[in-house]
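The values are calculated or read from the model by the stated rules, or taken from the named source; none is laboratory data. Values in this document were obtained by computation on a predicted structure and should not be read as measured data. Please note: Cβ atoms are built from the backbone with ideal geometry, for glycine as well, and neighbour counts cover all protein chains shown. Remember, those area values only see protein heavy atoms, side chains included, never the ligands or the DNA or RNA. Shrake-Rupley method; radii C 1.70, N 1.55, O 1.52, S 1.80 Å.
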Amino acid sequence: MKRIANLYEQICSISNLELADHLAQKGKSKTYGVITHNKNRDMNLLQLQRMFLDKTYKTSNYQVFKVFEPKERDVYRLPYFPDRIAHHAIMNVLEPIFVKTFTSDTYSCIKGMGLHKASRNVKHALKDVDNTTCCLKIDIKKFYTSVDHDILKKLLRRKFKDQDLLWLLDEIIDSASGLPIGNYLSQYFANFYLTYFDHWIKEVMCVRYYFRYADDIVILHRDKGYLHDIRTKISAYLSENLNLEVKDNRQVFPVASRGIDFLGYVHYHTHTLLRKTIKKRFARKVAKGASKESIASYLGWLKHADCINLKKKLLPNEIILDV
């Protein structure tokens, strides 16, 4: 594998820092951190460049808060300057390199490869009814908090040989345990941590119907025995190579009788439904008289599912026509 060098200079350039600042501000122009930064923008960007060049950049203290949807978890937040700009500056240069290493079956946090793309590809696979009668569904136990820093650094050194870049990535990696949810870089580190596993699944194990969104994995096949064998080999690979553990809720089941609950939808060979919890939240919103704007995200979910009866039951006719 060719290792890549001479990237740090690109990250440190003022033109890249200006672009990073522009991208990081999208949708956040009225936040306190952005307003404060913009009062002294040029000097701040020069200061960040100097921190990179002098290797004095250090990740700021995190603000940690809890969210409860879809499940309880800790989310980490960094100040806008210098950290969010720094992360965007890094990803301006590294994103295309990371993406080239990912397989076409990796969907989370990649432009053009979101959950609806993954859902469409599952639907397409299910058209091959004879070879998708059974499903293996697994996810990784406490994935983000379980990422091993030493292993991640080792994997990054398989891809990059720029020592200045590796210093900067190491500094960010070691700023928190595991991968902090909420960090812009964490989503790419997470995909990269699993990318060689993805290649092993596709190129060594020759799995045809494989889908991964973050740490949620679906594999389709016609033979339950084959899927049980793959499950055992996956558990061994993740444990031995990545120090990760598969959750005990792993399942092998027939698709026809229960569908594949994946990415907010339940996928069958003939149709796709909304996940029950999303449907209930949507119904509660409508019952409270929510406006079309406030339920816009749910209307987006409906467009990708077969929900004619649900639409008729919950939505006024003028909204149904738009969905």
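See the values below:
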{"item": "The chain: C-alpha gyration tensor shape, a/c 1.5 cut-off, then a/b vs b/c", "result": "oblate"}
{"item": "Over the chain, relative contact order from alpha-carbon pairs under 8 Å, at least 6 apart, %", "result": "20 percent"}
{"item": "Span from the segment 180-250 Cα centroid across to the segment 1-54 one, whole angstrom", "result": "34 Å"}
{"item": "Dipole moment magnitude, nearest 20 debye, segment 213-259 about Cα centre, only Lys, Arg, Asp, Glu C-beta charged", "result": "260 debye"}
{"item": "Which of Thr31, Ile4, Val147, positive extreme of dipole for segment 1-151 (C-beta unit charges)", "result": "Thr31"}
{"item": "Label-point separation, Asp150 to Lys247 (7 Å along Cα→Cβ), nm", "result": "2.8 nm"}
{"item": "Carbon + sulfur, % of accessible area of the chain - ligands and nucleic acids excluded, 1.4 Å", "result": "51 percent"}
{"item": "Segment 162-320: C-alpha gyration tensor shape, a/c 1.5 cut-off, then a/b vs b/c", "result": "oblate"}
{"item": "For segment 62-93 and segment 142-159, distance of Cα centres in Å", "result": "18 Å"}
{"item": "Residue-count net charge about Arg258 - beta-carbon cut-off 14 Å; Lys, Arg +1, Asp, Glu -1", "result": "+3"}
{"item": "Candidates Arg77, Arg258, Arg208: whichever shows maximal mean-square fluctuation once the chain is modelled as a Gaussian network with Cα springs under 10 Å", "result": "Arg258"}
{"item": "Separation of the Ile4 and Asp54 label points, Cα + 7 Å toward Cβ, nm", "result": "2.9 nm"}
{"item": "Stretch gain in nm, segment Gln47-Val129, where the contour uses 0.36 nm per residue and the Cα spacing is subtracted", "result": "23.7 nm"}
{"item": "Cα gyration tensor category, rounded, prolate or oblate, for segment 72-129 with a/c compared to 1.5", "result": "oblate"}
{"item": "Computed [θ] at 222 nm, deg cm²/dmol, the chain (DSSP H ≥ 4; -39,500 (n - 2.57); rounded to nearest 500)", "result": "-15000 deg cm²/dmol"}
{"item": "The chain: most fluctuating residue of Ala190, Ala290, Ala256 per GNM, C-alpha cutoff 10 Å", "result": "Ala290"}
{"item": "Residue of Cys206, Cys12, Cys109 that the Gaussian network model of the chain assigns the largest fluctuation, springs spanning Cα pairs under 10 Å", "result": "Cys206"}
